[in-house]
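The values are calculated or read from the model by the stated rules, or taken from the named source; none is laboratory data. Note that this is a predicted model, so its numbers are computed, not measured. Every residue, glycine among them, receives a Cβ derived from its backbone with ideal geometry; neighbour counts consider all protein chains shown. Ligands, DNA and RNA are excluded from the accessible area calculation, which covers all protein heavy atoms including side chains. Shrake-Rupley method; radii C 1.70, N 1.55, O 1.52, S 1.80 Å.
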Amino acid sequence: MIFRRWIANLLAFIRLGRFPFLIGGFVLYGLGVAIAFYEGFHVNWPVFLVGQLIVTATQLMVHYGNDYFDLAADSANPTPIFWSGGSRVLPEGQLPAYIALLSAIALGLIALLATLGLVLHWQLGSLTTYLLLLSICLAWFYSAPPLRLHSHGVGEISATFTVSVLTPTIGFYLQAGQLSRTLFLAIIPLALLQFNVLVSVAIPDAEGDRQVNKRTLVVLLGRLAAARLYVLALAFAYGLLPVLVWGGLPVPVAIAVALSAPLAAWLGWSMWHGAWSHPEQWSRLALLTIALLLSTSALEISAFLKLTFK
């Protein structure tokens, strides 16, 4: 009986961490490293691994912290799906809430200690400490008081910046010790797709978020306006590709991004024609929006690596 309870608690703890979502951190961090490699910088594998540890610990900190700080919103949410509304571990009473908080604090400390070790052990660029601390702080205060960025209409912007801008930038900067125009050109479509991920997972949560005054963009604008914004972001993500090529993005990378356009077109068509208003479609929309971001990021990585080894 004790062993079964221990196993049940362990499985609940793992579920609380939402480990499948860690894939995004690996892919986006890897993109930054791939671009550094493409630009002629040799990969420092120990630095790569410590950097990935910081990214993953920070991401897990967010997962455990969000479930703790969003417990009221998750409990009030009448329409949770797999991709949003938290892990459901705390609202269902599978673990006490303090476990999530202590785990988030421990993971944050791991990220900070790894950052300190990285800076002290290797001679890296002068922005290293600032980039890493900024990402950890933005990640923590996304849901934690006193800032609770996600409750003041800026959560989508701050999370987009943290996930799809800072993560690949850190991957690149740890290897190159400098910033790059190519890096930022490559990031722009992904940032727009990341923004849509956040909109898609906020749509099912709107009622619960509104009840506890968690003012996401979906709550502030309404589902219809948020869906229109989603379609606009898709249009910019792909419509800007010629401009990005003109600015210096390698043509094969732009073509790689364009390969995901059919899925983007289907999602845009679905959103424009009211899929946002049908709860039975929310899970599929969120899943495919996440898949669009990950697949487009992976396509960019493959394009940069192909250019490197040609």
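Restricting to region 124-172, name every residue that is touching a residue at least 40 places away in the same chain (Cβ under 8 Å), of a type in the set (Phe, Trp, Tyr) and open to solvent by 10 Å² or more (accessible area, probe 1.4 Å). Working first, answer last.
Of region 124-172, the ones touching a residue at least 40 places away in the same chain (Cβ under 8 Å) are 124-125, 127-128, 131-132, 135-136, 139-140, 142-145, 148, 150-153, 155-156, 163-164, 167-172.
Adding the requirement that they be of a type in the set (Phe, Trp, Tyr) leaves 140, 142, 172.
Across region 124-172, the qualifying residues are TRP140, TYR142.
So that you can scan it fast, the table gives a plain yes or no per residue for (1) β-branched (Val, Ile, Thr); (2) open to solvent by less than 50 Å² (accessible area, probe 1.4 Å); (3) over 23 Å from THR169 (Cα atoms):
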{"position": "ALA8", "(1), (2), (3)": "no, yes, yes"}
{"position": "PHE21", "(1), (2), (3)": "no, no, no"}
{"position": "GLY25", "(1), (2), (3)": "no, yes, no"}
{"position": "LEU28", "(1), (2), (3)": "no, yes, no"}
{"position": "LEU60", "(1), (2), (3)": "no, yes, no"}
{"position": "HIS63", "(1), (2), (3)": "no, yes, no"}
{"position": "PHE69", "(1), (2), (3)": "no, yes, yes"}
{"position": "GLN94", "(1), (2), (3)": "no, no, yes"}
{"position": "ALA104", "(1), (2), (3)": "no, yes, yes"}
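Beta carbons closer than 6 Å, at least 6 apart along the sequence or on distinct chains, pair a first residue in region 220-239 that is open to solvent by less than 60 Å² (accessible area, probe 1.4 Å) with a second that is not in a helix (DSSP H, G or I) for ARG223/ILE203.
Of all residues being hydrophobic (A, V, I, L, M, F, W, C) and not in a helix (DSSP H, G or I) in region 237-260, which is farthest from ALA303 (Cα to Cα)? Just the residue, please.
Within region 237-260, the subset hydrophobic (A, V, I, L, M, F, W, C) is 237, 240-241, 243-246, 249, 251, 253-259.
So of that shortlist, the ones also not in a helix (DSSP H, G or I) come out as 240, 249, 259.
Values: LEU240: 18, LEU249: 11, LEU259: 11 Å.
Residue satisfying both the conditions and the ranking: LEU240.
Among the residues of region 295-310, is any part of a helix (DSSP H, G or I), open to solvent by 50 Å² or more (accessible area, probe 1.4 Å), out of contact with any helix residue (DSSP H, G or I) (no Cβ under 9 Å at 6 or more places or on another chain) and of a type outside the set (Lys, Arg)? Yes: region 295-310 contains one or more residues that are part of a helix (DSSP H, G or I), open to solvent by 50 Å² or more (accessible area, probe 1.4 Å), out of contact with any helix residue (DSSP H, G or I) (no Cβ under 9 Å at 6 or more places or on another chain) and of a type outside the set (Lys, Arg). Pairs are defined by a Cβ separation below 7 Å, a sequence spacing of at least 6 or placement on different chains, a first member in region 86-98 that is among the β-branched types (Val, Ile, Thr), and a second member that is in a loop (DSSP other than H, G, I, E, B) and surrounded by fewer than 21 Cβ atoms within 10 Å (Cβ to Cβ); the pairs so defined are VAL89/LEU95. Residue pairs whose Cβ atoms lie under 7 Å apart, sitting 6 or more positions apart in sequence or on different chains, and linking a residue in region 35-48 that is in a helix (DSSP H, G or I) to a partner that is open to solvent by 50 Å² or more (accessible area, probe 1.4 Å), are VAL47/TRP122. So is GLY51 open to solvent by 50 Å² or more (accessible area, probe 1.4 Å) and either modelled with pLDDT under 95 or part of a helix (DSSP H, G or I) (or both) or not? In short, no. Counting the residues of region 34-48 that are closer than 15 Å to GLN178 by Cα and either open to solvent by 10 Å² or more (accessible area, probe 1.4 Å) or basic (Lys, Arg) (or both) gives 8.
Residue check: ARG88 meets all listed conditions (1) of a type in the set (Lys, Arg); (2) assigned to a helix (DSSP H, G or I); (3) under 22 Å from GLY155 (Cα atoms) but one, namely (2).
For region 246-294, name all the residues that are over 21 Å from ALA202 (Cβ atoms), of a type in the set (Gly, Ala, Ser) and either surrounded by fewer than 19 Cβ atoms within 10 Å (Cβ to Cβ) or out of contact with any Ser or Thr (no Cβ under 6 Å at 6 or more places or on another chain) (or both). Reasoning before the result, please.
Filtering region 246-294 down to residues over 21 Å from ALA202 (Cβ atoms) leaves 246-262, 265.
Still in the running and of a type in the set (Gly, Ala, Ser): 247-248, 254, 256, 258, 260-261, 265.
Within region 246-294, GLY247, GLY248, ALA254, ALA256, ALA258, ALA261, ALA265 meet the criteria.
Within region 182-200, can one find any residue that is out of contact with any Asp or Glu (no Cβ under 9 Å at 6 or more places or on another chain), open to solvent by less than 10 Å² (accessible area, probe 1.4 Å), farther than 19 Å from ILE23 by Cα and of a type outside the set (Gly, Ala, Ser)? Looking for residues that are out of contact with any Asp or Glu (no Cβ under 9 Å at 6 or more places or on another chain), open to solvent by less than 10 Å² (accessible area, probe 1.4 Å), farther than 19 Å from ILE23 by Cα and of a type outside the set (Gly, Ala, Ser), one finds none in region 182-200, hence no.
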